[in-house]
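Below is one structure; the comments refer to it alone.
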């Protein structure tokens, strides 16, 4: 199972999964993946939200500070997407940078949607927040906080060093029980639409390559080095234990 910690702009990660799975115009991405992994990869042919996937799926959970991600999966490469937050509250952009909309994690996406709809429909339609909340409310009831989750993952990916530090700190604070390893990776991605989309493809590609590895523990460092060389981005990596 994989968990991916992301900022709010990259909550479109599942949209990228969906597009690559159904749009012929995006088949170029398949070639990039094949060259990076060094192994042939069939183009995904089906993706749907919250359905059972193939055996031994690769579970990708998106952890944002505010928890506004979404779940998805592909049958061909068996990737599931699940979202969490790491902050104390859910924060959504408001009328100005210093006036965010703040909600408790127990607040449902439906309640957030209706609240912002009444506050300023035009503003929150233009900045995409209503679209994101509408998408999220169709997938699950409310955001989840990573610190409250006790599920085990094989890999955790963050896109902000602060979130990476929060994840590592949380895992180190827990009592070790099964000693199952979990790889924690960070790659910094700027919090804007263009970089977020590119970052989503990079993470998608990384997950597919991991899905093709025979031994993730032994191949991870080499794989990350390949991604650093290709993307020009630096990756932080550590291993924690459950």
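Residue 190 meets each of the listed conditions (1) outside any helix (DSSP H, G or I); (2) in contact with a strand residue (DSSP E or B) (Cβ under 8 Å, 6 or more places away or on another chain); (3) over 24 Å from residue 219 (Cα atoms) apart from (2). Here residue 64 qualifies as crowded, with 17+ Cβ neighbours inside 10 Å, within 21 Å of residue 163 (Cβ to Cβ), at pLDDT 60 or above and within 18 Å of the chain's Cα centre (by Cα). Return a yes/no flag: does region 212-228 have any residue that is surrounded by 13 or more Cβ atoms within 10 Å (Cβ to Cβ), outside any helix (DSSP H, G or I), touching a helix residue (DSSP H, G or I) at 6+ places or on another chain (Cβ under 8 Å) and at negative phi. Within region 212-228, one or more residues are surrounded by 13 or more Cβ atoms within 10 Å (Cβ to Cβ), outside any helix (DSSP H, G or I), touching a helix residue (DSSP H, G or I) at 6+ places or on another chain (Cβ under 8 Å) and at negative phi. Can you confirm whether residue 237 is assigned to a strand (DSSP E or B) and closer than 18 Å to residue 82 by Cβ? Judged against the criteria, residue 237 is not a match.
For (1) out of contact with any helix residue (DSSP H, G or I) (no Cβ under 9 Å at 6 or more places or on another chain); (2) surrounded by fewer than 18 Cβ atoms within 10 Å (Cβ to Cβ); (3) outside any loop (DSSP other than H, G, I, E, B); (4) on the phi > 0 side of the Ramachandran plot, each residue gets a yes or a no:
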position: 132; (1), (2), (3), (4): no, no, yes, no
position: 139; (1), (2), (3), (4): no, yes, no, no
position: 142; (1), (2), (3), (4): no, no, no, no
position: 150; (1), (2), (3), (4): yes, yes, no, no
position: 157; (1), (2), (3), (4): no, no, yes, no
position: 165; (1), (2), (3), (4): yes, yes, yes, no
position: 169; (1), (2), (3), (4): yes, yes, yes, no
position: 175; (1), (2), (3), (4): yes, yes, no, no
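The values are calculated or read from the model by the stated rules, or taken from the named source; none is laboratory data. For clarity, every value in this text was computed on a predicted model and none was experimentally measured. Note: ideal-geometry Cβ built from the backbone for every residue, glycine included; neighbour counts use all protein chains shown.
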